[in-house]
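None of the figures in this text is laboratory data; all of them are computed from the coordinates on show. What you are looking at is a predicted structure, and each value in this text was computed from that prediction instead of being measured. Reconstructed Cβ throughout: ideal geometry from the backbone, glycine too, with neighbour counts over all protein chains shown.
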Amino acid sequence: MSELRKNQKMREDLEKNLYEIEKENERFSEEYFEGLREINKIAEETCNLKEPKISQCVENIRNNILNMQKQRDEYLSNYKRLIYSDREKLEEEEKNIRTRLSAI
């Protein structure tokens, strides 16, 4: 029976981690888009974007930020996939434990 409780606790922890990851990603995404808006605003107010070097520099910054967000999204997607996989394994193990317990 303690094995079953242990698995349930592990599954609850995985679900809690997933929830926290999703909340953190929401917060990060909001900050990310706010940062992009701020970069655009600063660039428009302070730079002559018709100047090719300045325009290219601003574009490089934007692209780097977009790439960082893409990498973060990929990382979180892979991490979520692992959590779902682990949760499925734990649920299957719980099912097997319940089957063994009911046979006793």
Neighbours by Cβ (under 6 Å, 6+ apart or cross-chain): first from region 26-38, in contact (Cβ under 8 Å) with a residue 12 or more places away in the chain and under 18 Å from Y75 (Cβ atoms); second part of a helix (DSSP H, G or I) and not charged (D, E, K, R): Y32/Q69
Evaluate region 43-57: report whether one residue or more is over 29 Å from the mean Cα position of the chain (by Cα), among the hydroxyl-bearing types (S, T, Y) and under 29 Å from L82 (Cβ atoms). no
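Taking only region 14-49 into account, find how many residues are surrounded by 11 or more Cβ atoms within 10 Å (Cβ to Cβ) and in a helix (DSSP H, G or I). Talk me through it step by step, then tell me what you get.
First, the residues of region 14-49 that are surrounded by 11 or more Cβ atoms within 10 Å (Cβ to Cβ): 14-15, 17-18, 21-22, 24-25, 28-29, 32-33, 35-36, 39-40, 42-43, 47, 49.
Filter once more, keeping what is in a helix (DSSP H, G or I): 14-15, 17-18, 21-22, 24-25, 28-29, 32-33, 35-36, 39-40, 42-43.
Counting residues in region 14-49 that are surrounded by 11 or more Cβ atoms within 10 Å (Cβ to Cβ) and in a helix (DSSP H, G or I) gives 18.
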Scanning region 50-94 residue by residue, the ones that are basic (K, R) and either in contact with a strand residue (DSSP E or B) (Cβ under 9 Å, 6 or more places away or on another chain) or surrounded by fewer than 12 Cβ atoms within 10 Å (Cβ to Cβ) (or both) total 4
